[in-house]
Every structure is written in structure tokens, then in C-alpha cells.
1. Can you name every residue in the stretch 267-308 that is assigned to a helix (DSSP H, G or I), within 14 Å of residue 242 (Cβ to Cβ) and modelled with pLDDT of 85 or more?
2. For residues that are surrounded by fewer than 19 Cβ atoms within 10 Å (Cβ to Cβ) and either out of contact with any strand residue (DSSP E or B) (no Cβ under 8 Å at 6 or more places or on another chain) or over 15 Å from residue 172 (Cα atoms) (or both), tally how many sit in the stretch 71-103.
3. In contact with a helix residue (DSSP H, G or I) (Cβ under 6 Å, 6 or more places away or on another chain), modelled with pLDDT under 95 and more than 30 Å from residue 309 (Cβ to Cβ): is that true of residue 1 in this structure?
4. Tell me which residues, restricted to the stretch 186-209, are more than 10 Å from the chain's Cα centre (by Cα), assigned to a helix (DSSP H, G or I) and touching a residue at least 24 places away in the same chain (Cβ under 8 Å).
5. Out of the helices (runs of 4 or more DSSP H) lying entirely within the stretch 88-154, which hold 2 or more residues that are over 28 Å from the mean Cα position of the chain (by Cα), free of Cβ contacts under 8 Å to residues at least 60 places away in the same chain and outside the structural domain of residue 191 (by TED's automatic domain parsing)?
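The values are calculated or read from the model by the stated rules, or taken from the named source; none is laboratory data. For clarity, every value in this text was computed on a predicted model and none was experimentally measured. Neighbour counts run over all protein chains shown; Cβ positions are idealised from the backbone, glycine included.
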């Protein structure tokens, strides 16, 4: 399946969001809920962009607004150069969404589901590529099987296919690998890499932070309806100077090391994990604390912060 070049953005931005707000009215005397609080965000064309945040942060609301499923309270959304208010049809045609929920008609076949979805988007029959999509998602041999007979992984792949029928320039993946096995996860990421290599912009939400760290060029972290960080993945990782020293003791640990800026934790496998910040405490000071606790060292290694450390640091205090 090839991504067409007919709809060309007049800018390097696939999506521009300005002062976006969404407020839900309170029910039965309850206060209003401010799901999005004036978000400003841009997504570069051709990127794999991560949208991360804890449950209830506003990610789903933002995705639903981009997909045209939820009306914003205020603000401006531009998708592939089209103002969502002035050009709703063009902006909606520029984006495809693979939802987290497995919302498939059990009596449709994969081919039938793709054809119906293409019809809903007004794709002429001569321009449809159901065979190409079925091949991409690995369901050629299940093209005529009822959806109710498909495994959970196959249904999730069919959701990806439905998001691609109108050949969007932007693909949103909402928790695409939630609850799937390793083999399917690898297949989905191979699909994503292939589509991105053809020029498709990918927006990804996931709770698997190691996936975001591996796949995403840039990441925005949303918390309580606000963007608390937005940068390249490399720069986000560089924000923290957190380090972890993992010590394999020669004998069982009876006393945890103590020292300024040192957090010690004994793992179930007997290893000792010491967390510290390199701008406050040196590795040598950490080792001295270990020796002062009477611990003989059999092996030691250091680890730098990963995306999970960044995520927790930016969201836990808010």
C-alpha cells in the first residue's frame, strides 16, 4: 500500500493545535471538568510522535477532537494545512484513527469491513485497495472470514486496516499494543515503520514507555489537561541526570547504604539498587556508602535514566 501525494501540506507541520480547551459541564451540581486547558502543540510532518500521559490526563479527549468525534470548547486545530472549523471534511480525510476498543461488527468479513469503511469516507471503488491493506496487515487468508471468528490480535490488525482505507496522511494509534502478544506487537511496529518510511505521520499513545522510547522521534507528555513537556526523545531523556547503580553483593545485605542524595533499594534477586543524581552525588560517594555499610561488592554497573524516569518526574508532583 502506497501513501498518495495528492494532499500536500503547505507547511512542515502535520498538525497545529493552538489554545485548545475542552470543558465538560458538571452533572447534578458537580463542577465543570476541564479536560484540556489551553493546549498548544505542533506535530512535525513525517514524524513518529508520542503522546503520553497518565489515565485521565486528556489524551483521549485530544485524539477524539482531532478525529472530529468530540467538539472542542475553544481553540484552533489545523490538520495537514486544513482548519478543522473551516474545512472539516478535508481535515477529517487527512487523519485515520486506530482506536483502542475492538469495535467491529462480528458478522462482517475483513474485506467487507474495509469496503464499508471506504464507502463511509467516499472513496470511489476504483481507488480502493482492500487487497493491499489486507496484505499489509497480514489478513489475506482471512479476507472472507467473519470478524467474530478472528483472534483478538487479528481484530486489532483489522482496526489498523480500517484506519488506512482512505489513505490518510496522518495515522493515530491509540494504545495499539494493549493486551497483545509479542509477535503481534512486532508485526504492528513493522507496519508502522513501513508506513512512516513512505511519509505517513504517526501519532502514538501507549502505556509501554519502552515502545515510545524506541519508536518516537518526538514526545509530548500531557498531565491534567496540560502539556508538561514536549521535546525530542533524546532531549527529554537528557533532562534528567538520574543514575542508578546496581550492585551485586558478595554476601547477603543486612544494612542498606545511607548518604546524602542516595536512595537504596534491595531487589528480590538480592541485587542492591542505588539511585542518585550525578549533579549532587558522585559515583565514588555512592560506592563509599556501600562499603561503609559493610557490603562486599561482587559486581557493579550503572544505568542512565529511561523514559519512565522522565515520565514519573514530570507527572508525579502535579
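1. 283, 286
2. Going residue by residue through the stretch 71-103, those that are surrounded by fewer than 19 Cβ atoms within 10 Å (Cβ to Cβ) are 71, 73-76, 83, 85-90, 100-103.
Keeping just the survivors that are either out of contact with any strand residue (DSSP E or B) (no Cβ under 8 Å at 6 or more places or on another chain) or over 15 Å from residue 172 (Cα atoms) (or both) gives 71, 73-76, 83, 85-90, 101-103.
Number of matching residues: 15.
3. Numbers: in contact with a helix residue (DSSP H, G or I) (Cβ under 6 Å, 6 or more places away or on another chain): yes; modelled with pLDDT under 95: yes; more than 30 Å from residue 309 (Cβ to Cβ): yes.
Considered against the rule, which asks whether it is in contact with a helix residue (DSSP H, G or I) (Cβ under 6 Å, 6 or more places away or on another chain), modelled with pLDDT under 95 and more than 30 Å from residue 309 (Cβ to Cβ), residue 1 comes out as yes.
4. 187, 188, 189, 191, 192, 194, 195, 196
5. Fully inside the stretch 88-154 and qualifying: nothing.
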